[in-house]
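S.K.: Sharing a structure here in structure tokens format.
The values are calculated or read from the model by the stated rules, or taken from the named source; none is laboratory data. A quick note: this is a predicted structure, and the numbers were derived from the prediction, not measured. With ideal geometry, Cβ positions are generated from the backbone for all residues, glycine too; neighbour counts draw on all protein chains shown. We work out accessible area using only protein heavy atoms, side chains counted, and drop any ligands, DNA or RNA first. Shrake-Rupley method; radii C 1.70, N 1.55, O 1.52, S 1.80 Å.
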Amino acid sequence: MQFNVAQLLKEHSGATRSYVIDDDVVSEEGITEHVKGILDLMRTDKGIWASAQLKVSRKSTCSRCLRRFPMAMEISIQEEYLPIVDIVTGERLFVPETMEGTFTLTAQHMLDLDEAVRQYLITGAPMKPLCRPDCAGLCPTCGKNLNTGRCGCRGPVIDPRWAPLARLLPRGEG
């Protein structure tokens, strides 16, 4: 998702542009994710402020049952993109080390939103995604998906080394 901001860089601070986004982004893993939303760009004294409210539909893996499922995420991007080439003279601009890690425009004055989307998706993704809140997971003995029904296992087998501790439990709990 690239946007040419050359004209916006020639305008005064506070000038804005808005774009509707409905595009696919390919992640580093090669997975295509669909992105929809609104991108607002505003000229600042240093560069371009990008503000985006995006909805992303992506495939994820349930941390309990290991089933792939579609997961909808909403991300809010608030970043300033700094130019590396002066729009008037074409000279290369100095980006201070304190600004390291900030987003920059390309030498052709293109704002590439893909990397920001990728970073915000990584930080916004749940650590343990679930296909549904009441996911039963997998049987620890046979590996059957317990969301599809009970398995034929007798239940958890107690390690004989822990058997003496089972005598400490009240009757019926062990």
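S.K.: Considering only residues that are closer than 22 Å to residue 119 by Cβ, part of a loop (DSSP other than H, G, I, E, B) and open to solvent by 60 Å² or more (accessible area, probe 1.4 Å), which ones fall in segment 1-30?
M.R.: Within segment 1-30, 28, 29 qualify.
S.K.: Can you pull out every residue in segment 104-129 that is hydrophobic (A, V, I, L, M, F, W, C), open to solvent by 60 Å² or more (accessible area, probe 1.4 Å) and closer than 18 Å to residue 33 by Cα?
M.R.: Hit for segment 104-129 is 122, nothing else.
S.K.: Determine whether residue 51 is among the small types (Gly, Ala, Ser), under 23 Å from residue 129 (Cα atoms) and part of a strand (DSSP E or B).
M.R.: Taking the combined requirement at face value, the residue does not satisfy it.
S.K.: Inside segment 105-127, can you point out the residues that are over 18 Å from residue 72 (Cα atoms), touching a residue at least 24 places away in the same chain (Cβ under 8 Å) and outside any loop (DSSP other than H, G, I, E, B)?
M.R.: 110, 111, 112
S.K.: Just one of the numbered conditions (1) on the phi < 0 side of the Ramachandran plot; (2) touching a residue at least 12 places away in the same chain (Cβ under 8 Å); (3) part of a strand (DSSP E or B) is not true of residue 37; which one?
M.R.: In the conditions (1) on the phi < 0 side of the Ramachandran plot; (2) touching a residue at least 12 places away in the same chain (Cβ under 8 Å); (3) part of a strand (DSSP E or B), residue 37 misses (1) alone.
S.K.: Are any residues in segment 74-92 of a type in the set (Gly, Ala, Ser) and farther than 16 Å from residue 118 by Cα, and if so, which ones?
M.R.: Passing the criteria: only 90.
S.K.: Mind checking which residues of segment 146-168 are in a loop (DSSP other than H, G, I, E, B), open to solvent by less than 90 Å² (accessible area, probe 1.4 Å) and farther than 25 Å from residue 60 by Cβ?
M.R.: Of everything in segment 146-168, those that are in a loop (DSSP other than H, G, I, E, B), open to solvent by less than 90 Å² (accessible area, probe 1.4 Å) and farther than 25 Å from residue 60 by Cβ turn out to be 152, 153, 155, 159.
S.K.: Which ones in segment 64-79 are part of a strand (DSSP E or B), open to solvent by 20 Å² or more (accessible area, probe 1.4 Å) and either among the aliphatic types (A, V, I, L, M) or in contact with a Cys (Cβ under 6 Å, 6 or more places away or on another chain) (or both)?
M.R.: 71, 72
S.K.: Okay, next question. How many residues are in contact (Cβ under 8 Å) with a residue 60 or more places away in the chain, part of a loop (DSSP other than H, G, I, E, B) and over 18 Å from residue 70 (Cβ atoms) if we restrict to segment 128-145?
M.R.: So the count comes out to 2.
S.K.: Quick check: anything in segment 43-63 aliphatic (A, V, I, L, M), touching a residue at least 24 places away in the same chain (Cβ under 8 Å) and surrounded by fewer than 18 Cβ atoms within 10 Å (Cβ to Cβ)?
M.R.: no
S.K.: Among (1) more than 29 Å from residue 37 (Cβ to Cβ); (2) out of contact with any Ser or Thr (no Cβ under 9 Å at 6 or more places or on another chain); (3) modelled with pLDDT under 90, which single condition is residue 147 missing?
M.R.: (3)
S.K.: Here's something else I'd like to know. Look at residue 73 and say whether it is modelled with pLDDT of 90 or more and farther than 25 Å from residue 11 by Cα.
M.R.: In short, yes.
S.K.: If you check 93, 82, which single one turns out to be touching a strand residue (DSSP E or B) at 6+ places or on another chain (Cβ under 9 Å), closer than 28 Å to residue 8 by Cβ and open to solvent by less than 60 Å² (accessible area, probe 1.4 Å)?
M.R.: Answer to the check: 82.
S.K.: In segment 19-59, what residues are at pLDDT 95 or above and of a type in the set (S, T, N, Q)?
M.R.: Those that are at pLDDT 95 or above and of a type in the set (S, T, N, Q): 51, 53.
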